[in-house]
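Enquirer: Right, I'll just put the structure down here and ask away after.
The values are calculated or read from the model by the stated rules, or taken from the named source; none is laboratory data. None of these values were measured; they are calculated from a predicted model. Because the Cβ atoms are built from the backbone with ideal geometry, glycine has one as well, and the counts that use them run over all protein chains shown.
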Amino acid sequence: MIEILTPAEVERGRASGAIVGHILDALKGRVSVGTNLLEIDRWAKEMIEAGGATSCYVDYAPSFGRGPFGHYICTAVNDAVLHGLPHDYTLADGDLLTLDLAVIKDGIAADAAISFVVGESASEADLALIDATVRALAAGIAAAGPGKKLGDISHAIGEVLSSSGYRVNTQFGGHGIGSTMHQDPHVANTGRPGRGYTLRPGLMLAVEPWVMADTDELTMDADGWTLRSATGGRTAHTEHTIAITESGAEILTLPPAG
Ligand code: MF3
Ligand code: CO
């Protein structure tokens, strides 16, 4: 079922989104060489609680993972890309880190992800990989609006990723979001313009282009959660929750201005 939210519900989505945007921004500022992934998880828990919100992850037990996630944020390093289970790993200079966070407050969820390089020695290739997901997300959001089709978003994302030289994996993508984190419709990261569900005001979507440098194949870690590139090549993932409005699409998970 596709959920269309009332203006009051979208307003609560703005509040949840602001918490997610703020936490990811604060974590990016706090993470450095020597930070342990389990510390990031603890900081995320504290900040979610300080915001009066609840984690969408800790008790989450979807079919694509093993039992409840048991943690508050996804931490994916280098070749790990999706559903990275926080574990005892200390970040090194040049590590490419993805943080993916979803919270729910007053009954409405918001979900976002950022990728960045830790420390001072980012490679050109890693920055290009991250930039492709940032540009794909911007293009996907620009293609969204009332009367547009889901395929318009997917096509815009896929064009940026493939014209940047990457192959697009179709196993995981974005999703509807609202009273729960994962809902219909699936927002594929490649598709045909003019096809699929017609976007309407009140629809909230998590749009999340992700990419692997040299493959479109994933493998799963023994932890039953973490998905990484089959080749060991680097990966990146950028996500925002948006709401379709009367005039376009509004990003709900931006960090606070200033
Ligand atoms: N937030 C992720 C997404 O973008 C889902 C994480 S599910 C978890 O859809 F269980 F791994 F936390
Ligand atoms: Co998501």
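Enquirer: Which one of these is more than 16 Å from ligand 1 (Cβ to nearest atom) and at pLDDT below 95: 193, 255, 201?
Expert: Of 193, 255, 201, the one residue that is more than 16 Å from ligand 1 (Cβ to nearest atom) and at pLDDT below 95 is 255.
Enquirer: Hey, another quick one. Which condition breaks for residue 156 when tested against (1) within 16 Å of ligand 1 (Cβ to nearest atom); (2) of a type in the set (A, V, I, L, M); (3) in contact with a Gly (Cβ under 6 Å, 6 or more places away or on another chain)?
Expert: Here residue 156 clears every test but (1).
Enquirer: Does segment 49-69 contain any residue that is touching a Leu at 6+ places or on another chain (Cβ under 7 Å), under 14 Å from residue 99 (Cα atoms) and at pLDDT 95 or above?
Expert: No, the conditions are met nowhere in segment 49-69.
Enquirer: Give just the number: which of (1) free of Cβ contacts under 8 Å to residues at least 60 places away in the same chain; (2) surrounded by fewer than 24 Cβ atoms within 10 Å (Cβ to Cβ); (3) more than 14 Å from ligand 2 (Cβ to nearest atom); (4) not β-branched (Val, Ile, Thr) does residue 179 not satisfy?
Expert: (1) is the only condition that residue 179 fails.
Enquirer: Hey, can you tell me all the residues within segment 224-242 that are of a type outside the set (Ser, Thr, Tyr) and more than 11 Å from ligand 1 (Cβ to nearest atom)?
Expert: Within segment 224-242, 228, 230, 232, 233, 234, 236, 242 meet the criteria.
Enquirer: What are the residues in segment 147-166 that are out of contact with any helix residue (DSSP H, G or I) (no Cβ under 7 Å at 6 or more places or on another chain) and assigned to a loop (DSSP other than H, G, I, E, B), if any?
Expert: Matches in segment 147-166: 147, 148, 165.
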